[in-house]
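The values are calculated or read from the model by the stated rules, or taken from the named source; none is laboratory data. No experiment lies behind these values; they were computed from the predicted model shown. When we count neighbours, we look across all protein chains shown, and the Cβ atoms used for this are built from the backbone with ideal geometry, even at glycine. SASA here: full protein model, heavy atoms, side chains in, ligands and nucleic acids out. Shrake-Rupley method; radii C 1.70, N 1.55, O 1.52, S 1.80 Å.
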Amino acid sequence: MILTIPVLLYQLLFVLVLFVASRFGRTALVIATVLCLLWTLTHVFFLPLMLLQGAVIAGSYFWFRRRIRKRASWSQQ
């Protein structure tokens, strides 16, 4: 089973990295996402874990990108 406490905490680390990057803007979020995905491709060799981590990173990217858009629309009003 791949959903152990250490694995889940490691996934939270990627969510935290992308959250912090999103606070710096869209460009920082894209760069952090690409770096996280590259890290996953070069350091994780167990396919189910790689897919889980990729899904967490992609999901976090889309979630935080949406928050950036909402924040930008609020500041323009």
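A few notes on this one:
- The charge dipole of the chain, taken about its Cα centre with unit charges on the Cβ atoms of Lys, Arg (+1), Asp and Glu (-1) only, comes to about 500 debye.
- The chain - percent relative contact order, Cα under 8 Å, separation 6 or more: 38 percent
- Share of carbon and sulfur in the accessible area of the chain stands at 75%, probe radius 1.4 Å.
- Residue with peak Gaussian network fluctuation, the chain [Cα springs, cutoff 10 Å], from F46, F24, F64: F46
- Solvent-free Debye scattering, log10 I(q)/I(0), computed from the Cα coordinates of the chain at q = 0.16, 0.26 Å⁻¹: -0.58, -1.19
- Over the chain, dividing the summed -39,500 (n - 2.57) contributions of all DSSP H runs of at least 4 residues by the number of residues returns a 222 nm mean residue ellipticity of -30500 deg cm²/dmol.
- Screening the chain for DSSP H helices whose Cα atoms reach 18 Å or more along their own axis and whose mean Kyte hydropathy is at least 0.5 gives 5-23, 26-43.
- Distance in nm between pseudo-label sites at Y10 and F46 (7 Å out along the Cβ direction from Cα): 0.7 nm
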